[in-house]
Amino acid sequence: MSGTLQLRESLDYETDPIFNITIVAEDRGNPPKRTETFVTVQVIDSDDQNPAFGRQRYMAFLPPNPVKGRILEIQPEQIYAADQDNGIRAPIFYTLGKDVFEASYLNIDPENGEVSIVKDIPEDQFLQPVALSVMVGGGFRPPPTLPYAPERCSPI
Ligand SMILES: [Ca+2]
Ligand SMILES: [Ca+2]
C-alpha cells in the first residue's frame, strides 16, 4: 500500500519557501499501531511577483545648461527597482513613458535607471513641472508605473 501527497492549494515561495510535514501510517489493529515520518518540502520560486520601485515618486531638476548627454540628478535617490520574486530575481529593465511630449528629450538607461538628456532642451520647454512615468519590466504581470517629475531649474 502506498500514499500519495496531493496539493490542496498552490504553494507560494514568497510566503513559505520551505516547510515540514508529518506523515503518519496507522494499522487497523486493536489497538492500532502507528509510525511517523517527516517530509521537508522545498518550494521552487515562480515568476509571480512584479518588480517594485524603491519609491513611489522621484524628482529631478533640469540643470542650468540642459544639453544633450547631461545626466539628471534624481531626488531623493537614484531610480531603483527590484523584482519581488526572492528566489528568481529576474533581470529587470526600465523604460520611460512617451505619453508626454517632453519625454522625447529624455532617455532612461534600461539597465541602471539613469535618466539623461538626448537632445538639447530649448528654453521654452519644461517651463512647468512635467510628470513622466517610468516603467519597469521583466516580471510576469504588467509592470507598475509611477510618476516622475523633472522641473526646470531657475537660472542663477
Ligand atoms: Ca515568486
Ligand atoms: Ca518577477
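A few remarks follow.
- Members of the stretch 34-56 found to be within 20 Å of GLY3 (Cα to Cα), away from ligand 1 (no atom under 16 Å from the Cβ) and exposed (fewer than 10 other Cβ atoms within 10 Å of the Cβ), listed by number: THR35, GLU36, THR37, PHE38, THR40
Residues are listed down the side, and each one gets a yes or a no for (1) aromatic (Phe, Trp, Tyr); (2) in contact with a strand residue (DSSP E or B) (Cβ under 8 Å, 6 or more places away or on another chain); (3) part of a loop (DSSP other than H, G, I, E, B); (4) within 16 Å of ligand 1 (Cβ to nearest atom):
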position: PRO64; (1), (2), (3), (4): no, no, yes, no
position: GLY69; (1), (2), (3), (4): no, yes, yes, no
position: ILE88; (1), (2), (3), (4): no, no, yes, yes
position: ASP99; (1), (2), (3), (4): no, yes, yes, no
position: ASP124; (1), (2), (3), (4): no, no, yes, no
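- Of the candidates GLN56, GLN49, the single residue that is more than 30 Å from ILE121 (Cβ to Cβ) and within 21 Å of the chain's Cα centre (by Cα) is GLN49.
Every number here is computed from the coordinates shown, using simple stated rules; none is lab data. These numbers come from a predicted model, not from an experiment. Glycine gets a Cβ as well: all are built from the backbone with ideal geometry, and neighbour counts include every protein chain shown.
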